[in-house]
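The values are calculated or read from the model by the stated rules, or taken from the named source; none is laboratory data. On a predicted model such as this, the values are computed, not experimentally measured, just so you know. Please note: Cβ atoms are built from the backbone with ideal geometry, for glycine as well, and neighbour counts cover all protein chains shown.
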Amino acid sequence: MTRRVLIVSNSFDLHADLITPHLNNYNSNPFRIDLDCFPRDYQISQLLWQGILTSTITHLPSGQSVNLTDVGAIWLRKPADYAFISADLAPQELAYARLETEHALFGLLYTLDCYWVSHPKFLRGAIWKAEQLQRAMKLGFRVPASLITNSAAQVLAFKKQIAGDIIFKPLSTSLLAAEIVSASDRVVEGITTTIIDDDMMADLESVNELPCYFQEYIAKQYELRVTVIAGHVFAAKIYSQDDVRTTVDCRDISADIRYEATQLPPEIANRCREFVNSYGLNFSALDIIVTPENEYVFLENNPNGQFLFIEQLVPEYQLLHTLAATLTGEAQCRSQ
């Protein structure tokens, strides 16, 4: 029996769009759940009867359906707000509908004995920045001196201990939660990694409001985006220091900086694999600095990070193909 691949994402996910042809080439007959259309455009059924569990999901607009016993692999990509038939649910009705939907959906998925990229419980355990730093350090990486505090006095003391600059960056989202509030409620669209200047140091009262994340600023020779897919390591070298706009934060897409494939030293590649594997993840994307002294410094881990931009900028890295082959191959292993 050919086992199927299930994609759980949203209708705006280009990654999910582009992997589908690769999966079709492997005859994996993928089924996709777009959470921003769920459960409105889907019908689910989970029946436990006389010791037998039967679970199906049908996409109503297309009529396509999947028996979950046929699923051998799941790619859990990106979340989205659920959608319901009634667009005018009262606040409590909407809150209840969201909770029930989440319980129903993941109650379906958690029953599956299949290959995950990656399982929700492992994704959840891998997102905490402070824990990432501690784990990376235990595995042998250098990590920046870091402080998470809601005390302005602690920030002042931290700055005095650092020989150079310190930076601020968000713990949770660089969009400052703009993505989860309505457009009319957005005050700012986000923030990049920011060097704390003297004026900012003199005006730290807002730190007392909530915990903030500070690090020593480390000089860079270049940066690395290391994508790990089922043990395969793809390291992209980012020439972030070639443009003033990306010196501190390489994510400024207005800067046309170079990306190229690079080979990591074996001990660094193995360390990246070990870090990802330690969480039980089958995919992750690590951000690493290489200093002018050629020291590798771990910054953070993105357990469900974007990778399409790497494939576009470094075409020899066929990441979609690698992931599709992994999902399909692992799915078929479940039928043996």
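Rundown of residues vs (1) charged (D, E, K, R); (2) at pLDDT 95 or above; (3) touching a Cys at 6+ places or on another chain (Cβ under 7 Å); (4) surrounded by 14 or more Cβ atoms within 10 Å (Cβ to Cβ), yes/no style:
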residue	(1), (2), (3), (4)
GLN64	no, yes, no, no
ALA90	no, yes, no, no
ALA97	no, yes, no, yes
GLU100	yes, yes, no, no
THR111	no, no, no, yes
GLU131	yes, yes, no, no
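Meeting the requirement of 3 or more residues that are touching a residue at least 12 places away in the same chain (Cβ under 8 Å), the helices (runs of 4 or more DSSP H) wholly within segment 96-202 are 120-125, 129-138, 152-161. The set of residues in segment 305-320 being touching a residue at least 12 places away in the same chain (Cβ under 8 Å) and either surrounded by fewer than 19 Cβ atoms within 10 Å (Cβ to Cβ) or part of a helix (DSSP H, G or I) (or both) consists of GLY305, GLN306, LEU308, ILE310, LEU313, GLU316, LEU319, LEU320.
Out of segment 14-45, which residues are at pLDDT 95 or above, surrounded by fewer than 16 Cβ atoms within 10 Å (Cβ to Cβ) and either polar (S, T, N, Q) or not assigned by TED's automatic domain parsing to the domain that holds LEU68 (or both)? Matches in segment 14-45: GLN43, SER45.
Would you confirm whether any residue within segment 233-247 is closer than 24 Å to GLN161 by Cα, modelled with pLDDT under 95 and among the polar types (S, T, N, Q)?
yes
When LEU327, LEU323, LEU286 are checked against the criterion of being in a strand (DSSP E or B), in contact with a strand residue (DSSP E or B) (Cβ under 8 Å, 6 or more places away or on another chain) and in contact (Cβ under 8 Å) with a residue 12 or more places away in the chain, a single residue qualifies: LEU286. Is there a residue in segment 71-89 that is β-branched (Val, Ile, Thr), under 30 Å from ASN27 (Cα atoms), part of a loop (DSSP other than H, G, I, E, B) and assigned by TED's automatic domain parsing to the domain that holds PHE12? So far as segment 71-89 goes, no, none of its residues is β-branched (Val, Ile, Thr), under 30 Å from ASN27 (Cα atoms), part of a loop (DSSP other than H, G, I, E, B) and assigned by TED's automatic domain parsing to the domain that holds PHE12. One residue is enough: does segment 151-159 have a residue meeting the conditions of a type in the set (Lys, Arg), touching a strand residue (DSSP E or B) at 6+ places or on another chain (Cβ under 6 Å) and assigned by TED's automatic domain parsing to the domain that holds PHE298? No, there is no match, as no residue in segment 151-159 is of a type in the set (Lys, Arg), touching a strand residue (DSSP E or B) at 6+ places or on another chain (Cβ under 6 Å) and assigned by TED's automatic domain parsing to the domain that holds PHE298. Residues that are of a type in the set (Asp, Glu) and touching a residue at least 24 places away in the same chain (Cβ under 8 Å) within segment 255-266 comprise just one, GLU260. May I ask you to verify whether GLU311 is closer than 16 Å to ARG77 by Cβ, more than 14 Å from the chain's Cα centre (by Cα) and of a type in the set (Asp, Glu)? The answer is yes for GLU311. Being in the same structural domain as ALA285 (by TED's automatic domain parsing), over 18 Å from VAL297 (Cβ atoms) and not aliphatic (A, V, I, L, M): is that true of ASP249 here? Spelling it out, it is not the case that ASP249 is in the same structural domain as ALA285 (by TED's automatic domain parsing), over 18 Å from VAL297 (Cβ atoms) and not aliphatic (A, V, I, L, M).
Condition check for ILE191 on (1) surrounded by 13 or more Cβ atoms within 10 Å (Cβ to Cβ); (2) over 23 Å from PRO79 (Cβ atoms): one failure, at (2).
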